[in-house]
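*Asks:* I'd like to ask you about the structure that follows.
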Amino acid sequence: MTLASTTPNATIYYTTDGSAPSESSTVYTGPVVVSASETIKAIATATGYTDSPIGSAKYTLVGSPEVLTALTRASYR
């Protein structure tokens with residue numbers, strides 16, 4: 001998952017446990033790998049600007065490549 005802000009020099013902070021992000025949360029530096037069902041929340045901050053509203057997205061994984069491969073192989077036997 002990729003996060004972005006149009007505010008110049010903004011820092012994005014995020015959480016993966018559904019809690020509200022703050023300046024003590026993880027700093028976003030690149031794509032976030034979603035490996036489990038989780039809620040990601042993020043906020044952008046920049047000097048001289050009001051903090052952004054908290055953005056939120058819930059990701060629900062319904063299977064994994066290993067499970068799908070095993071099911072596919074079993075159906076061709």
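*Asks:* What does the charge count near residue 19 come to, summing +1 for each Lys or Arg and -1 for each Asp or Glu among other residues with Cβ under 14 Å from its Cβ? If you can, show how the numbers build up before the last one.
*Replies:* Values: positive: 41, 58; negative: 17, 23, 38.
Overall, the nearby charge balance is -1.
*Asks:* Once you list every other residue whose beta carbon is under 9 Å from the beta carbon of residue 45, what net charge do they have if Lys and Arg are +1 and Asp and Glu are -1? Numbers along the way, then the final one.
*Replies:* Details: positive: none; negative: 23, 51.
In short, -2.
*Asks:* Using 0.36 nm per residue, how much length does the chain from residue 50 to residue 26 gain when fully extended, once their Cα-Cα distance is taken away? Could the numbers behind the result be given before it?
*Replies:* Working: separation 24, 0.36 × 24 = 8.64 nm, distance 1.93 nm.
Gain on extension, residue 50 to residue 26, equals 6.7 nm.
*Asks:* Would you pull out the residues with amide H under 5 Å of residue 28's amide H, same chain only if 5 or more places away, H placed 1.01 Å from N?
*Replies:* So residue 28 has HN proximity to 12, 13, 14.
*Asks:* Quickly work out the residue 19-to-residue 58 label distance, labels modelled 7 Å from Cα along the C-beta direction, and quote it in nm with one decimal.
*Replies:* Between residue 58 and residue 19, the label points sit 2.0 nm apart.
Where a number appears in this text, it was derived from the coordinates with a stated rule and is not lab data. Because the structure is a prediction, the values reported are computed rather than measured. Ideal geometry is used to build each Cβ from the backbone, glycine not excepted, and the neighbour counts take in all protein chains shown.
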